[in-house]
Every structure is written in structure tokens, then in C-alpha cells.
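Read through the structure below, which is laid out as C-alpha cells, and then see the notes.
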Protein chains: 2
Amino acid sequence: METPCSIARTLEVLGERWTFLVVREALAGTTRFADFRATLGVAPDILTSRLNTLVEAGVLERRPYQEEGRRTRHEYHLTAAGGDLRVVLGALQQWGDEHRPYLKGPTVVRRSSDDRPLHVAYVDDEGREVPLSEVRFVRTAAYPTPA
Amino acid sequence: METPCSIARTLEVLGERWTFLVVREALAGTTRFADFRATLGVAPDILTSRLNTLVEAGVLERRPYQEEGRRTRHEYHLTAAGGDLRVVLGALQQWGDEHRPYLKGPTVVRRSSDDRPLHVAYVDDEGREVPLSEVRFVRTAAYPTPA
């Protein structure tokens with residue numbers, strides 16, 4: 001949490017390949033260790049480590065569950081912070097689809113509940129899209145001054 | 001470009017620390033080698049390599065310029081694809097500021113040309129914000145089937 005750059009702090013969580021793939025699967029509805037493992041083909045010790053990282057980062061929450069006649073296990077559910085990663089993943093997908101296209105076209109698209117196509121963009125406080133040409137990044141007083 | 005995952009293809013470009021920092025500076029208006037070097041404190045050979053990566057990826061464009069009595073040098077300008085990274089960087093910043101906050105508060109905020117606060121969100125084709133709870137990721141026919 002020490003770096004003043006919020007992008008770097010986000011990539012500390014998301015930047016590692018497996019961690020990011022676990023989030024992708026969680027956003028697709030996966031909650032159980034065995035399902036993460038089967039979908040991602042990841043070694044169990046790596047998966048355990050990445051799930052722990054995401055729980056510690058407040059992206060996933062561990063919940064116990066028990067199937068009849070078996071010992072208690074845990075499910076992993078996205079927290080509110082984890083759910084907000086939908087915006088980050090959508091932005092990455094959208095850029096990749098447009099500027100690094102896959103031969104067969106997009107593998108995942110973003111839709112509203114009533115099936116309208118969506119995209120990620122800048123909006124103002126009234127929920128209206130603002131063109132990219134009108135977007136500025138403004139430094140605040142907290143911006144670090146060069147030594 | 002081989003992986004079907006558009007997020008992975010984007011992180012192939014943006015995932016490396018210095019590459020990403022160069023894009024951040026370019027979005028803030030930096031164009032010259034000496035200025036990238038001074039702001040980032042990066043070794044010249046690493047900076048050369050990252051600028052080349054970004055030119056090859058179509059994010060930056062190299063343009064010659066010449067100052068009186070000096071040899072021709074190059075400036076690096078964002079392409080349209082590079083400018084679109086504003087959405088990706090904004091999404092990463094916003095998540096970091098909200099969920100991995102910096103002690104002193106955000107160092108950079110997003111504003112419209114007429115200084116209204118902006119955020120990154122999902123919008124429909126009519127430019128209206130759609131709540132995250134109504135956003136779905138839908139697999140297309142191009143989605144790879146497990147072997």
C-alpha cells in the first residue's frame with residue numbers, strides 16, 4: 001500500500017497471471033476450489049496461494065459449506081471490492097478486442113441484464129458518457145514531488 | 001496475439017512495470033526520451049526497449065524532430081489505440097483509490113474539460129450509465145472449448 005500510484009497498487013493484486021485468472025473465473029460465477037482447479041488447470045498449491053492472496057486483499061471472501069457426509073469445505077465469493085473489478089476487467093477486454101484482436105473475434109462480450117451491448121467509458125456524476133477527448137487526468141496535492 | 005483471452009493480450013502490452021509507466025507518462029503529455037527518462041528515473045537501455053515495444057504494439061508513434069544545430073531526434077506520440085488506454089488506466093486508478101487507498105488520498109483524479117468529476121463505468125449504446133449489478137459477461141461462439 002506504500003506506492004502513491006493507484007494503478008501500481010491495483011496491479012499488485014491483479015498483475016500476477018494466476019491471481020488475475022482466478023478473479024476472471026470468480027466473476028464468471030466459480031466459487032469452489034475444485035471448479036477453479038478444473039477450469040484453470042492450475043496446480044493446487046498455486047491455487048491455494050492465490051486464493052489466500054485475494055482473501056487477504058479483500059477481493060474474495062471465504063465461506064464454509066458442507067456436503068452431506070463430507071467434511072466442511074470453503075467457497076470463495078467476491079466481495080463488493082471484487083465485484084468492482086468488473087470495470088477493470090471489462091476495460092482490459094474491450095481494449096484487447098479492439099486493438100489486439102483475436103482471429104476468431106471476441107470470446108466474451110459485455111451485455112446488460114436485458115441483453116443490450118455495453119462498453120466501458122467515462123461518465124459524469126449524472127451518468128452520462130463523456131467523450132475520451134474531454135477526459136483529463138489531474139494531479140492533486142497528494143501527488144509526490146520529485147526528490 | 002495467440003491467446004483467445006483479450007485481457008491476457010492487453011496485459012502482454014501493459015503488464016510489464018516500465019512499459020505501463022511509460023504509457024502513464026505519455027498520457028500525461030510526455031513525448032521526449034529525455035523527459036521520460038527524467039520523470040521515471042529509468043535506465044536508458046530499458047527505456048529504449050520499452051518505447052520500441054510500445055511502437056511495435058501500435059500504442060506509440062515515433063516522429064522525428066530537430067532542434068536548431070542538433071541532430072534529428074524522435075518524439076513519441078500516443079496513437080488512437082494508445083489514447084484508448086485512458087479507459088484502462090482510469091479503471092485501474094479508480095479501483096486502487098477506492099479499494100487500496102493511499103494514506104494521503106488519490107494522487108490523480110479524472111475530470112472533464114470543464115472540470116466535472118468523472119468515473120469509469122459501463123454504458124449502453126445511448127451513452128447512459130448501467131449499474132454494475134446489471135452487467136453480464138457473455139461467452140461467444142469463439143470462446144475456446146476445453147480439450
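What the table below lists for this structure:
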| quantity | calculated |
| --- | --- |
| Chain B - percent relative contact order, Cα under 8 Å, separation 6 or more | 16 |
| GNM flexibility winner over chain B from B:VAL130, B:VAL87, B:VAL55 (Cα, springs under 10 Å) | B:VAL130 |
| Crossing angle, helix A:17-27 versus chain A [Cα axis fit, 0-90 degrees, rounded to tens] | 80 |
| Alpha-carbon centroid distance for the pair segment A:84-147 / segment B:17-67, whole angstrom | 23 |
| Cut-off of 10 Å, at most 11 other beta carbons, DSSP loop: longest stretch of chain B lacking such trypsin sites (Lys or Arg not before Pro) | B:72-147 |
| Mean shadow area of segment B:15-108, taken as a quarter of the surface of its Cα convex hull (nm²) | 7.0 |
| For segment B:55-97: rounded, prolate or oblate by the Cα gyration tensor [a/c cutoff 1.5] | prolate |
| Computed log₁₀ I(q)/I(0) - Debye formula, equal Cα scatterers, no solvent, segment A:63-147, q 0.21, 0.22 Å⁻¹ | -1.16, -1.20 |
| Cα-Cα P(r), the protein assembly as shown, percent of pairs per 5 Å interval | 1, 5, 11, 14, 17, 17, 14, 9, 6, 3, 2, 1, 0, 0, 0, 0, 0 |
| Sparse-neighbourhood loop sites, GluC sites (Glu not before Pro) in segment B:52-147 - DSSP loop, at most 14 other Cβ within 10 angstrom | B:GLU67, B:GLU68, B:GLU126 |
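Read-outs: derived from the displayed coordinates by stated rules, not from any lab. Quick caveat, the model's predicted, so the values are computed rather than measured. Neighbour counts are summed over all protein chains in view; Cβ atoms, including those assigned to glycine, are modelled from backbone coordinates with ideal geometry.
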